[in-house]
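Notes to accompany the following structure.
The values are calculated or read from the model by the stated rules, or taken from the named source; none is laboratory data. No experiment lies behind these values; they were computed from the predicted model shown. With ideal geometry, Cβ positions are generated from the backbone for all residues, glycine too; neighbour counts draw on all protein chains shown.
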Amino acid sequence: MHYDSIIVGAGFAGAVTARCLAEAGRHVLILEKHNHIGGNAYDRLDEAGILIHQYGPHIFHTNDKAVYDFLSRFTQWRTYQHEVVANIPAEEGRAEMPVPFNLLSLRQAYAPEKAARLEKKLMETYGPEQKVTILQLRENTDPELSELAQYVYDHVFVRYTMKQWGQKPEEIDPAVTARVPVFISEDCRYFQDVYQGMPLHGYTPLFEAMLAHDGIEVRTETDARDMLTLKDGKIFFDGAEFSGDVIYSGPVDELFSCCFGRLPYRTLDFRFETHAQDTYQSHGTVNYTMDEDYTRITEFKYLTGQEKSGVTTIVKEYSRAYTGTADEIPYYAIANEATAALYAQYAAKASAFPRLHLLGRLAEYRYYNMDAIVAGALKLSRALVNGTC
Ligand code: FAD
Ligand code: UDP
């Protein structure tokens, strides 16, 4: 079989690119290490018949119509607007507070008079429906707003961030905590994007539909590093020189045997629990911002809308440093000056291979949501086939 292009990874980066190139007439081979397609977005039924996300909860959201339209060719959508609460120990048991911290959270945290005063100050300073990052709010010198910033920092950010990153909010890339700003609004949704929802029948069927094309062959349980060799600006596939495009969506350091040292990541341990009850918690995701070792618990039935009585499955997420053992998956790139410099070394090495393209959350070493990956894959594909897809 002759292939025009080889793609490493069957996640969003690889699958979207494969589809676009195949529609432009290319024969594409996908090599995927796992025994399934979908990358981190893979979902499946568990033993109890509950649809779970094996690599953590995935909620689709975007403002990019082109991305939404492209994916809509392969799935219908279930309308779903994700809401998250922070589980906070309180004198009478536990309190649940909307996250991102918003005007309803504020009214929960303070007595009515003080809450009204703070709300007025927030409105005057930043304006209604505005988002302010916790780091920006902490810079405010007004004594009451500064006290509020400290409250949000203490109750929402510092411990969760320590669990997730092993560092304090002010020590990590500001873009990370900016994902969950203080929101001067009564809107309790986690995302405000125009398009949000879940693939009606799940992510895996979406990937199956996307990859169902005569021009695409998928080989699972195949580590690309066993088949591809990069040498002297040339790429070899199965021993023979390969002159087509190679799109690589795995970790870039592994592609070059970690020759400059490993890029650091955070990995996660997921603990799934099935309970003999209709529902386990009040919202799709509950963040543990004050105590417990896990960062959050997600109950899948909220996300998927699956109706199954008497049983539900949840997942608890525990974050730790990635060490590179075979059973670990690198989930989160750690953005800072040192890692940017290390990544640049690998990117420079990759650029010696004109037909090699690094694409996706791992290959680009970026904290991307799914929609950004799809957008990047559409852009690269169009460039590769001169806009014919
Ligand atoms: P991946 O999905 O990681 O795919 C890369 C693929 O390459 C994998 O299947 C891997 O097995 C394969 N691979 C790697 N190396 C090799 C090799 N040597 N040979 C063969 N195959 C290889 N985004 C959202 O928009 N909404 C969310 O709610 C959301 N939740 C998330 C929750 C968690 C816990 C995490 C970690 C991420 C979440 N994301 C979310 C981000 C989302 O997972 C990514 O944006 C997206 O999956 C990245 O797609 P990708 O194709 O770049 O990478
Ligand atoms: N964060 C936090 N408390 C929360 C929610 C988020 O401190 O209740 C911080 C934390 O540092 C986290 C970042 O904001 O890593 C981004 O959160 P998000 O929910 O976007 O993370 P993801 O879903 O990508 O893991």
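Computed quantities for the displayed model
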{"quantity": "Identity of the residue in region 236-260, more than 14 Å from ligand 1 (Cβ to nearest atom) and part of a strand (DSSP E or B), that ends up surrounded by the fewest Cβ atoms within 10 Å (Cβ to Cβ)", "calculated": "Ala240"}
{"quantity": "Flag if Gly284 is within 15 Å of ligand 1 (Cβ to nearest atom) and closer than 30 Å to Lys231 by Cα", "calculated": "no"}
{"quantity": "Single residue of region 61-95 satisfying the filter (modelled with pLDDT of 95 or more, away from ligand 2 (no atom under 12 Å from the Cβ) and part of a strand (DSSP E or B)) that is surrounded by the fewest Cβ atoms within 10 Å (Cβ to Cβ)", "calculated": "Thr79"}
{"quantity": "Unique residue being modelled with pLDDT of 95 or more and farther than 28 Å from Asp173 by Cβ when the list is Lys131, Lys121", "calculated": "Lys121"}
{"quantity": "Complete set of residues in region 96-124 that are more than 21 Å from Arg179 (Cα to Cα), away from ligand 2 (no atom under 16 Å from the Cβ) and assigned to a helix (DSSP H, G or I)", "calculated": "Arg107, Pro112, Glu113, Lys114, Ala115, Ala116, Arg117, Leu118, Glu119, Lys120, Lys121, Glu124"}
{"quantity": "Residue within region 329-344 that is assigned to a loop (DSSP other than H, G, I, E, B), over 18 Å from the mean Cα position of the chain (by Cα) and at pLDDT below 95 present", "calculated": "no"}
{"quantity": "Yes/no for Leu29 being under 30 Å from Val385 (Cβ atoms), modelled with pLDDT of 95 or more and either of a type in the set (Asp, Glu) or in a helix (DSSP H, G or I) (or both)", "calculated": "no"}
{"quantity": "Some residue of region 295-317 being assigned to a helix (DSSP H, G or I), β-branched (Val, Ile, Thr), out of contact with any Phe, Trp or Tyr (no Cβ under 6 Å at 6 or more places or on another chain) and surrounded by fewer than 20 Cβ atoms within 10 Å (Cβ to Cβ)", "calculated": "no"}
{"quantity": "Helices (runs of 4 or more DSSP H) wholly inside region 137-179 containing at least 2 residues that are without any contact (Cβ under 8 Å) to a residue 60 or more places away in the chain and away from ligand 2 (no atom under 13 Å from the Cβ)", "calculated": "143-152"}
{"quantity": "Options Val158, Val99, Val194: the member that is more than 16 Å from ligand 1 (Cβ to nearest atom) and either within 27 Å of Asn63 (Cα to Cα) or out of contact with any strand residue (DSSP E or B) (no Cβ under 6 Å at 6 or more places or on another chain) (or both)", "calculated": "Val158"}
{"quantity": "In region 16-28, the residues that are crowded, with 24+ Cβ neighbours inside 10 Å and either touching a Leu at 6+ places or on another chain (Cβ under 6 Å) or of a type outside the set (Gly, Ala, Ser) (or both)", "calculated": "Val16, Thr17, Arg19, Leu21, Val28"}
{"quantity": "Failed condition for Leu263, given (1) surrounded by fewer than 21 Cβ atoms within 10 Å (Cβ to Cβ); (2) in a loop (DSSP other than H, G, I, E, B)", "calculated": "(1)"}
{"quantity": "Scope region 44-53; condition away from ligand 2 (no atom under 16 Å from the Cβ) and not basic (Lys, Arg); matching residues", "calculated": "Leu45, Asp46, Glu47, Ala48, Gly49, Ile50, Leu51, Ile52"}
{"quantity": "Residues within region 322-341 that are in contact (Cβ under 8 Å) with a residue 60 or more places away in the chain and away from ligand 1 (no atom under 16 Å from the Cβ), tallied", "calculated": "2"}
{"quantity": "Which listed residue, of Arg179, Arg189, is among the basic types (Lys, Arg), surrounded by fewer than 21 Cβ atoms within 10 Å (Cβ to Cβ), more than 14 Å from Phe157 (Cβ to Cβ) and within 16 Å of ligand 1 (Cβ to nearest atom)", "calculated": "Arg189"}
{"quantity": "Every pair of residues 6+ apart whose Cβ atoms lie under 9 Å, when the first sits in region 44-60 and is farther than 24 Å from Val194 by Cβ and at pLDDT 95 or above while the second is small (Gly, Ala, Ser) and within 16 Å of ligand 2 (Cβ to nearest atom)", "calculated": "Tyr55/Gly39; Tyr55/Ala41"}
{"quantity": "Counted residues, region 272-289 - those being within 16 Å of ligand 2 (Cβ to nearest atom), part of a strand (DSSP E or B) and not aromatic (Phe, Trp, Tyr)", "calculated": "3"}
{"quantity": "Hits in region 87-106 - residues which are among the charged types (D, E, K, R) and either free of Cβ contacts under 8 Å to residues at least 12 places away in the same chain or touching a Cys at 6+ places or on another chain (Cβ under 8 Å) (or both)", "calculated": "Glu91, Glu92, Arg94"}
{"quantity": "Ala41 vs. criteria farther than 18 Å from Val315 by Cα and touching a strand residue (DSSP E or B) at 6+ places or on another chain (Cβ under 8 Å)", "calculated": "no"}
{"quantity": "Complete set of residues in region 365-384 that are more than 8 Å from ligand 1 (Cβ to nearest atom), crowded, with 17+ Cβ neighbours inside 10 Å and in a loop (DSSP other than H, G, I, E, B)", "calculated": "Tyr365"}
